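These notes concern the structure reproduced below.
The values are calculated or read from the model by the stated rules, or taken from the named source; none is laboratory data. Predicted model only: the values in this text are computed from it and were never measured. Methodologically, a virtual Cβ is constructed for each residue, glycine included, from the backbone with ideal geometry; neighbour enumeration extends over all protein chains shown.
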Amino acid sequence: PARVEVYRSIMNARLPPNPVVTRWGTWLQAAVFYSDNFVKFKVVMQNLEEDAASVTKVKALLSETAIVKELAFIKSYIEFLPDIMEALETRGITL
């Protein structure tokens, strides 16, 4: 599909993590990915000319200034949590 080609050409084929609903760490990893790649991802979305509701919604979210600050906060203060969560899980310890 055209969307995938646009994404791969701008993001250098680096795919984002796929968050799993029941795994908090995957959501944090995705947030860190988008924090690190926000500008490139915004360019990807700007290059999509589709009228799909999902594309329209993402474009609207990317135009909000708060999202950059929120992603930066997660990266700065919470990025370490997925590794700690995984270490606890391998020892059979829960949060």
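Brief remarks on what is shown
- The criterion of at least 2 residues that are within 20 Å of D83 (Cβ to Cβ) and among the polar types (S, T, N, Q) is met by the following helices (runs of 4 or more DSSP H) wholly inside the stretch 19-67: 24-36.
- Taking the criterion of being closer than 16 Å to G25 by Cβ, in a helix (DSSP H, G or I) and among the polar types (S, T, N, Q), the only residue of the stretch 68-95 that qualifies is T90.
- Boolean, A30 is under 27 Å from S9 (Cβ atoms) and out of contact with any Pro (no Cβ under 8 Å at 6 or more places or on another chain): no
- Failed item, numbered, when S35 is tested on (1) of a type in the set (G, A, S); (2) modelled with pLDDT under 95; (3) touching a Leu at 6+ places or on another chain (Cβ under 6 Å): (2)
- Of residues in the stretch 1-17 being surrounded by 13 or more Cβ atoms within 10 Å (Cβ to Cβ) and either free of Cβ contacts under 8 Å to residues at least 12 places away in the same chain or of a type in the set (S, T, Y) (or both), the one nearest to V43 (Cα to Cα): Y7
- Just one of the listed residues (F33, F41) is hydrophobic (A, V, I, L, M, F, W, C), free of Cβ contacts under 8 Å to residues at least 60 places away in the same chain, touching a helix residue (DSSP H, G or I) at 6+ places or on another chain (Cβ under 8 Å) and surrounded by 15 or more Cβ atoms within 10 Å (Cβ to Cβ), and it is F41.
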